[in-house]
1. Considering only residues that are touching a helix residue (DSSP H, G or I) at 6+ places or on another chain (Cβ under 7 Å) and either within 16 Å of the ligand (Cβ to nearest atom) or not β-branched (Val, Ile, Thr) (or both), look in the range 119-138 and name the one that is farthest from Leu153 (Cα to Cα).
2. Which residues, counting only those in the range 313-335, are buried (at least 21 other Cβ atoms within 10 Å of the Cβ) and among the charged types (D, E, K, R)?
3. Just to be sure before I move on: is Leu411 under 14 Å from Tyr58 (Cβ atoms) and under 19 Å from the mean Cα position of the chain (by Cα) in the structure I sent?
4. Among the residues of the range 160-167, is there at least one that is more than 16 Å from the ligand (Cβ to nearest atom) and more than 28 Å from Val116 (Cα to Cα)?
5. Across the range 247-304, what is the number of residues that are polar (S, T, N, Q), more than 14 Å from the ligand (Cβ to nearest atom) and farther than 26 Å from Arg223 by Cβ?
6. Could you please find all residues in the range 137-181 being assigned to a strand (DSSP E or B) and aliphatic (A, V, I, L, M)?
7. Check Asp57 against each of (1) over 19 Å from Trp270 (Cα atoms); (2) of a type in the set (Asp, Glu); (3) in contact with a His (Cβ under 9 Å, 6 or more places away or on another chain) and name the one condition it does not meet.
8. If we scan the range 92-114, do we find a residue that is over 24 Å from Leu259 (Cα atoms) and more than 16 Å from the ligand (Cβ to nearest atom)?
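The values are calculated or read from the model by the stated rules, or taken from the named source; none is laboratory data. The shown structure was predicted, so the numbers you read here are calculated from the model rather than taken from an experiment. Cβ placement follows ideal geometry from the backbone for every residue including glycine, while neighbour counts extend to all protein chains displayed.
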Amino acid sequence: MSDKPHPAERSRELHQRALRVMPGGVNSNVRLLAPPVFFQSARGCRLVDVDGNHYIDYLLGQGPNFLGHAPPDVLDAVDDASRRGMVYGAQHSLEVEAAERMLAVIGWAEQVRFGVSGSESVQAALRLARAVTGRTRFIRFEGHYHGWFDNVLVRVEDGAAAPASEGQLVSHLDDSLLLPWNDLTAVEEMLATNDDIAAVIMEPVMLNAGSIEPVAGYLEGVRRACDRHGVLLIFDEVISGFRVAPGGAADRYGVTPDLATYGKAMAGGWPVSALVGPRSMMERFGTGAVNHSGTFNASVMACAATVATLRRLVDDPPHERISARGRRLMDGLVQLAADHSLDLHVQGLPMAFHAGFGDGPVLDYRSLRRLDAARYNEFTRVLIDHGVWVAGRGIWYLSAAHEEADIDETLERVAAAMKATVS
Ligand SMILES: Cc1ncc(COP(=O)(O)O)c(C=O)c1O
């Protein structure tokens, strides 16, 4: 596959058909940026497209396939459970088990509400924070993504939040205050000068833009500042949850939020999300005072997939293994780039690291924007041509299904791609 263009006839034909019936030929705007390759199957860390080309996958569905594609235990659980009905519009035993398992892994939270997408659970968190505090606004951060709804979707322009979509209610952005992340003084000053702030929401490790860890003392400092001002701290763990440690970033960095949202890695690829928190806050949903609804919330499949995934993560935690392999891949990429005189900068957590062309370290959204995103995006097309499926924006996700041999093969393919790039 590496030295000659691989076949793409069937993908091209499907792309033409898709363009006729789906705007942009896709069902999520994020996918407008990816090459129009159509897949027919995936297993473990391997993807196969409709023309029979094979790829080693580091996009992992944008994160959910933390156990690899089509994990047999999750598939069996979903298959078995769904044969007894998929959605009851009422309670069932699996949702209790999913909730209990989830809370046991997370550790600090007492109750959970399941949803279908991370975007929705973030909205539930913000609504609950307003109800608990009686205040309206929230602080959020440059480069952090919290879904596609009007009040959280932003483009950052010169440090200010601008709407990122036509049709977006611009006034909804007035509810949030945008700050640079990893800057404790900025949060302290904002909280000291505004008394209408309900919550601070953040990705506790910045994974949507770069792979940037909190600097020492930052999360603890924000926690203290929130407590001082009666403001809720919300960790959006939609990417970091179950991935960066069994209990997510709260577990990894030892800082406990008031509320947290999860999605992606929690259910082996099944669409499900969650909001968790202490009973004292979450019970507002239970009394009906705060509305959180959804036809498909806690569907049988979602709960079966969550139970099976969490069972695996507890019985056979893959985190150390994934970290070791991710680290080897990161080191290998750096070495290969040096061999080919490419200024590739690689950084972050090994289970979700970031690569880009330019100088590091990347400490925040502003330094991330100094990397040459267009050039890296072009390079990812070459990687894809060489059978390494990666996101154009720089993130590399590792899964429990990436074996040592897959890392070796990836590095061989990357070496070929780099050679093709520099020649
Ligand atoms: C941190 C974070 N929050 C929220 C979301 C939105 O989740 P979803 O795409 O499931 O709506 C995402 C999606 O990438 C995310 O990364």
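1. Ala131
2. Of everything in the range 313-335, just one residue is buried (at least 21 other Cβ atoms within 10 Å of the Cβ) and among the charged types (D, E, K, R), namely Arg325.
3. Here the answer is no, as Leu411 does not meet what is asked.
4. Yes, the range 160-167 contains a residue that is more than 16 Å from the ligand (Cβ to nearest atom) and more than 28 Å from Val116 (Cα to Cα).
5. Looking only at that region, the number is 5.
6. Result: Ile139, Val154, Val156, Ala160, Ala161, Ala162, Leu177, Leu178, Leu179.
7. (1)
8. The answer is yes, given that some residue of the range 92-114 is over 24 Å from Leu259 (Cα atoms) and more than 16 Å from the ligand (Cβ to nearest atom).
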